Amino acid sequence: MINKKRGLLILCMILLLGGLVSAIPQTFSVHGKLENNAGSPLEGTYNMSFNIYNAYTGGSSIWNLSNQNVDTDSNGIYNVVLTSVNLDFGSQYYLGVTVGNDSEMSPRINLSSSPYAFEAQNVSVSGVRFNSNVDFGTNYNFTFDGGTLFVDGSKGYVGIGTITPNATLHIVKPGVSGDNVTIIHSGGGANDLMLIGNSGYPYAVFSEANTNDPGNLQLKYVGVTTISLLANGNTYFNNGNVGIGTTTPQQKLHVNGSILANGTINATTDVCIQGGACLSSAGTGSGTISGSGTSNYVPLWNGTSSINKSNIYQGASGNIGIGTVNPISRLEINSAANGGPAGLNINFATRTNTEDSTSAINVTGTLAKGTVFKVEAGGNVGIGTSSPQQKLDVVGNINSTGFINATTDVCIQGGACLSSVSASAGGWTKTGTQVALTTATDNVSIGSTDFFVDNSKGYVGIGTTAPKKELDIVGNIKVSGYVYSNGCPNDMAYVSSAGGFCIDKWEASRPDATDSSMGSDTSMAISQAGVIPWVSISQIDSRTACNNAGKRLCSDEEWLAAANIQGQVYYLPTNLAVSPYYCVTDSSTYCLGHSYSAGDACNTGNKTGCVSKEGVYDMVGNVWEWTNETVDVIDSGSAEWKYANSSNGWQSSTSGLWNKYGNDGVYFPVTTPGRAVLRGGAWDRGALAGPFCASLGIAPTAAGNSFGFRCCSG
């Protein structure tokens with residue numbers, strides 16, 4: 001069963017088969033288009049039935065042709081011939097079409113005879129000749145040769161070369177050579193093309209002007225020609241202004257751009273340029289120039305009709321003054337007061353004459369001084385000389401009440417110069433607004449040892465010729481203001497001995513440490529107060545943690561220097577009963593409610609008395625602190641005690657006595673090679689916790705629960 005199909009554009013035309021013109025037609029062709037309900041064409045073979053009725057709706061078929069297999073093309077178009085149509089067509093008939101088992105299409109098609117032509121929606125025949133008018137029903141289209149000519153009955157549009165016209169006349173040129181539209185003038189004075197507005201007046205006319213000028217375009221207003229363009233005659237614009245390069249012309253002809261005229265430009269009145277200056281016709285014959293003004297002033301045309309005075313004055317002696325009526329020289333220029341123009345500007349164009357190649361401005365005379373002032377064409381200026389050799393050549397003295405700035409060398413007679421020199425040579429060097437003296441040895445000394453600059457290191461010494469730092473002073477310093485350290489961050493303190501350096505104020509902790517947890521972040525070492533210090537770490541890992549923080553593990557020399565300062569603040573006496581007040585040892589008050597045997601250190605900075613005057617906490621007790629030093633095996637291979645002396649360094653001793661009071665500290669015995677240095681003691685060391693107490697028996701890879709560290713920099 002074929003469902004949801006519809007037929008469109010059913011075309012009927014009688015094809016006469018009889019021998020007489022007045023015979024009743026027996027056959028005719030039906031052309032149509034088959035689509036589905038979505039409007040898409042149906043292609044294939046379909047069973048169709050055709051019935052003729054004498055009623056528009058209802059009634060019974062008076063002729064039929066059933067079960068015809070009809071082919072449709074890709075556009076759904078079909079053509080079928082109805083034969084043996086034995087009706088006289090003297091009455092009104094209607095054609096009904098059925099596809100397969102679908103219902104008959106509605107409405108039925110009107111069939112009328114006049115006498116043998118049918119009025120239908122479409123006509124499809126070959127070689128049709130019409131001897132009278134051909135009428136098309138409302139909203140029906142007419143197509144000729146597949147779109148060569150198309151009439152859209154619903155819009156009233158005509159298309160030539162297109163079946164989709166979007167104007168009353170729409171012409172599309174095919175892809176062949178030739179013109180789109182050709183209008184041939186047939187003579188008789190008629191216009192070739194005329195456009196007429198709603199008012200009935202023509203507003204554009206294309207025509208032949210005369211036999212010598214076939215090109216004529218006229219634009220009219222209310223039937224009167226205002227613009228006329230002739231190919232071989234006069235062209236004129238009667239109304240409005242003409243603009244070239246502008247849509248808002250201000251005059252009869254307004255050109256926005258340059259004008260090239262190969263002939264004469266005639267003006268019957270003035271010719272004016274921007275600003276109002278005009279060229280005017282003064283008349284012919286002899287005459288006079290009249291005007292008002294002041295005597296001895298050069299006259300100035302006022303731009304309209306008279307002569308007034310200018311700013312140029314010529315005195316009785318012939319001197320010329322500009323801005324003055326009392327010139328004392330051949331030319332004297334006085335500038336205007338504040339707000340007016342001032343100065344003298346002379347601009348020389350490029351010259352090739354040989355007589356102009358030597359000087360641009362030359363002030364000379366018979367004076368005893370000779371040439372006073374000269375400006376050469378090359379740009380050299382001479383004062384007191386006629387042959388300047390430099391941009392400014394002065395023969396005589398120069399008096400300057402301000403600066404004389406030079407971007408390169410400044411030389412005096414004999415070749416001595418203040419110049420920019422390399423570090424390996426001697427001379428003067430200009431740096432910013434100062435001039436520094438540099439000798440061939442790269443150093444500067446004033447008064448033997450009074451002031452010395454070591455350029456190889458960037459060190460300055462006062463009272464010494466061997467400065468150890470950026471500023472090294474041997475002697476006293478008197479300061480009326482503040483003296484700041486060399487840039488230690490807030491979490492570090494500055495120690496001036498051992499060459500000067502920064503050291504962490506608190507023992508190192510992890511970045512996420514708190515007052516109750518050591519944390520888990522081991523990315524870098526942090527110096528902060530009130531948290532659990534970082535313990536159970538080796539010397540190797542301590543070195544890495546400091547490096548990651550942009551610092552370094554303190555050297556043994558630096559640690560001792562910082563401890564020595566701290567040793568001046570507190571002292572471990574023989575009676576250890578008072579030591580818990582200061583530092584964390586096994587005789588101290590337990591930290592965080594735990595004993596040292598539980599392996600807990602105090603929070604950093606917990607013991608407020610255990611701090612140096614520079615603010616360095618807990619260098620005695622709490623946790624052992626790694627330094628960046630290792631020691632070798634004892635040569636004898638036997639166990640030996642080692643101790644440190646503040647002035648003699650490492651010392652050997654066969655005695656196991658502890659020095660608890662002086663600057664010396666007791667060390668553990670060393671029996672194996674490659675041991676690292678731990679300093680200061682821990683919470684479980686008791687009397688062995690002191691500024692110079694050290695352990696030499698631990699490998700760099702060991703990580704005890706009382707091993708910590710701190711970092712240095714600078």
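Tabulated values for the structure
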{"quantity": "All positions within segment 375-393 that are in a loop (DSSP other than H, G, I, E, B), touching a Gly at 6+ places or on another chain (Cβ under 7 Å) and closer than 19 Å to Val410 by Cβ", "calculated": "Pro388, Lys391"}
{"quantity": "Candidate set from segment 528-558 (those that are among the hydrophobic types (A, V, I, L, M, F, W, C) and either outside the structural domain of Phe707 (by TED's automatic domain parsing) or not in a loop (DSSP other than H, G, I, E, B) (or both)); member that is surrounded by the fewest Cβ atoms within 10 Å (Cβ to Cβ)", "calculated": "Ile540"}
{"quantity": "Check on Ile320, under 54 Å from the mean Cα position of the chain (by Cα) and modelled with pLDDT of 70 or more", "calculated": "no"}
{"quantity": "Test: residue in segment 455-462 that is modelled with pLDDT of 75 or more and among the basic types (Lys, Arg)", "calculated": "yes"}
{"quantity": "Failed criterion for Val453 (all others in (1) under 50 Å from the mean Cα position of the chain (by Cα); (2) assigned by TED's automatic domain parsing to the domain that holds Ala702; (3) at negative phi hold)", "calculated": "(2)"}
{"quantity": "Qualifying residue in segment 142-160 (condition: at pLDDT below 75, surrounded by 13 or more Cβ atoms within 10 Å (Cβ to Cβ), touching a strand residue (DSSP E or B) at 6+ places or on another chain (Cβ under 8 Å) and under 30 Å from Asn47 (Cα atoms))", "calculated": "yes"}
{"quantity": "Conditions (1) modelled with pLDDT under 70; (2) assigned to a loop (DSSP other than H, G, I, E, B); (3) surrounded by fewer than 11 Cβ atoms within 10 Å (Cβ to Cβ): number failed by Arg351", "calculated": "(3)"}
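One line per residue, one yes/no per condition, for (1) assigned by TED's automatic domain parsing to the domain that holds Tyr93; (2) among the hydroxyl-bearing types (Ser, Thr, Tyr); (3) in a strand (DSSP E or B):
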| position | (1), (2), (3) |
| --- | --- |
| Ser29 | yes, yes, yes |
| Gly39 | yes, no, no |
| Asn51 | yes, no, yes |
| Ala55 | yes, no, no |
| Ser60 | yes, yes, no |
| Leu65 | yes, no, yes |
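The values are calculated or read from the model by the stated rules, or taken from the named source; none is laboratory data. Predicted, not measured: the structure shown is a model, and the values here were computed from it. Positions of Cβ are generated from backbone atoms using ideal geometry, with glycine treated the same way; all protein chains shown enter the neighbour counts.
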